[in-house]
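Structure, as C-alpha cells:
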Amino acid sequence: MADKNQARDKFGSRFGVIAAAAGSAVGLGNIWKFPYIAGIYGGAAFLFVYLAFILAIGLPVMLSELIIGRKSQRNAFGAFKVLAPGTPWKYIGILGVSAAFLILSFYGVVAGWSVQYIILSIQDGFSNRSPEQIASLFTTFTTSPIRPVILQLVFMIATGAIVIIGVKKGIEKYTKILMPLLVVILVGLAIKSVSLEGAKAGLDFLFKPDFSKLTGEGVLSALGHAFFTLSLGMGTLITYGSYIQKNNNLVRTVIEVTLADTVIAILAGIAIFPAVFAFGIEPTEGPGLIFVTLPNVFHQMPGGFLFSILFFVLLTVAALTSSISILEVVVAYFKEEFNISRKGATVLATILISMLGVLCSLSMGVLEPVKIFGLNFFDLMDWISANLLLPIGGLFIALFIGWFFGRKKVEEEVANGGKLSGALLSVFMFLVKFIAPIAIAIVLMNKVGLLNFG
Ligand code: PFF
C-alpha cells in the first residue's frame, strides 16, 4: 500500500474489488457467529430482523463507507480529516480503531479454534465418537490454558504477515479461488444436513418465525450482527474504498457483496440447524455450536474425512481474509497518525491485539470466573464491539453522508456518468438521513433503558 504522496495502490479488476470486500465480509461472522446467535435469540425471528437491518441499514452504510473512502483516498481516520477538516468527525475513525482492536482480539481466538479443528480433522479425530464425546472434545480444548493461546498467536502472526505484504498480493489472490470453493462445501454440507432424520425441526427453527421469542437483546444483537457480518461501522470499507478505481460501479459492488455475505450466512444456517436438531444438540449452545455440530455431520458423510479438512481450512482462510481487513484499520491509523513504518505499525498492532486475545482465550477456561457486567472477557469484547461500537460508528457514518457530505457530492462520487438514477439516489439519501440513524438510535436507547420495548 502506498504512502500519502505516492500513487495509491488500486485493486486490479472489478472482480478484485468484490473479492476483497467480500473477503472481508465473509468470515467467522457468517459461519460461526450467525448460527450461534440465531440459535440463542430464537432462530427465524432473529433471521428476519437481521435481514431487515441488512436491507435498511447495512446496504446504505456500506455504500456510504465506500464513498467516503474513494472520495478521500485515505484510511478511516484520515478520511474525515480530508473531507471535513477541523471538525470532530475524525473521532469516528478513533471509534473504528477501538472496535477493530476489540474484534480482532476474540476473532483470532475463534480462528485458532478453527486451526485446531483442521488438525483434528487430519488426525481423523471425529470418527467413532458420539455427539457427547464431540462436545467434550470442544470444551476440553477451549478451556485449556496453552494450546488455544498458541494457535491464536499463530493465526495472528499469519494475519500480520499478510498485512505487511500488501493489498493486492495479500488479498485479491486468495479470495478469488477460495471463496467459491467455500460455497461449494457449504452447499454439500447443507444437502447432507437437510437429509438427516429429524432435519425438518431445524429448518422450521430457522425459517418459521415466532416473533414472541424476540427480546430487546435479540434485536440489538441482530443490528450488531448486521454491522459485524458486513464489516461495517469501523471504517474497514472506508479503507478498502480508497483502493477502488474511480470507474467502479459502487452501487453494484455493494449489492453483490451484501448478497454474497447473506447467502453464505443462510447456507451456514441450513448446514447447521437441521443437524443441531437431528443430533439432539441445544440451539442455544453458544460459541461452540458449529464445532460441536458439524463434526457429527462429517463423520456420517461419504468422504467426510476430506470434507472436514477442507471445510476447516476454508473457514480459516475466510477468517484470514477478514482478519487482515480488521488489522488494516489499526495499521493504517498507527502508520499515518504516529508516522511509523508499515512494518513497525503492523508488528505493534499485532502484538497489542494478541495480548488482549490471550485474555479472551483464557476467559473460556482459567479466567472464566472473572465476569465484567456478567460477561466473561471473550463475550465482553464481542458485545461491546458488535453491539455498541459498530452501530454507533454506523450511525455517525450515515449522518455524515446524509447531513454533512450531502446529496450533490454523493451523486458526483457514485454516478460514474449517471449510473445511479434520481429515484434510487433519493431512496439512499432518505435511508442515510433518517431511517438508519433513527433505527439505530431506537435500538440502542431501548437497550440502555431510555426507551422500553421489552
Ligand atoms: N465481517 C467479518 C465476518 O463476518 O467474519 C468480521 C469483520 C471484518 C468485522 C471486518 C468487522 C470488520 F471491520
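Among the conditions (1) more than 16 Å from the ligand (Cβ to nearest atom); (2) modelled with pLDDT of 95 or more; (3) in a helix (DSSP H, G or I); (4) not β-branched (V, I, T), P209 misses just one, which is (3).
The one condition from (1) part of a helix (DSSP H, G or I); (2) touching a residue at least 24 places away in the same chain (Cβ under 8 Å) that G42 does not meet is (1). Every listed requirement among (1) crowded, with 23+ Cβ neighbours inside 10 Å; (2) touching a Leu at 6+ places or on another chain (Cβ under 6 Å) is met by V317 save one, (1).
Restricted to region 241-258, and to residues there that are closer than 18 Å to T321 by Cα and of a type outside the set (V, I, T), the residue that is nearest to the ligand (Cβ to nearest atom) is G241.
Taking region 323-402 and the helices (runs of 4 or more DSSP H) fully enclosed by it, the elements with 1 or more residues that are farther than 29 Å from L83 by Cα and out of contact with any strand residue (DSSP E or B) (no Cβ under 8 Å at 6 or more places or on another chain) are at 342-362, 377-382. Here I238 passes the criteria (1) within 16 Å of the ligand (Cβ to nearest atom); (2) buried (at least 20 other Cβ atoms within 10 Å of the Cβ); (3) over 30 Å from I92 (Cβ atoms) except the one numbered (3). No other residue among G112, G93, G78, G86 is of a type in the set (G, A, S) and not in a helix (DSSP H, G or I) apart from G86.
If the requirement is being surrounded by 23 or more Cβ atoms within 10 Å (Cβ to Cβ), part of a helix (DSSP H, G or I) and of a type in the set (A, V, I, L, M, F, W, C), which of these qualifies: A222, A260? Give the steps one after another, and end with the answer.
On the way: A260 fails: surrounded by 23 or more Cβ atoms within 10 Å (Cβ to Cβ).
Answer to the selection: A222.
Among the residues of region 116-136, those that are more than 26 Å from the chain's Cα centre (by Cα) and not acidic (D, E) comprise I122, Q123, G125, F126, S127, N128, R129, S130, P131, Q133, I134, S136.
The values are calculated or read from the model by the stated rules, or taken from the named source; none is laboratory data. Just so you know, these numbers come straight off a predicted model, no measurement behind them. We place every Cβ from the backbone using ideal geometry, glycine too, and count neighbours over all the protein chains shown.
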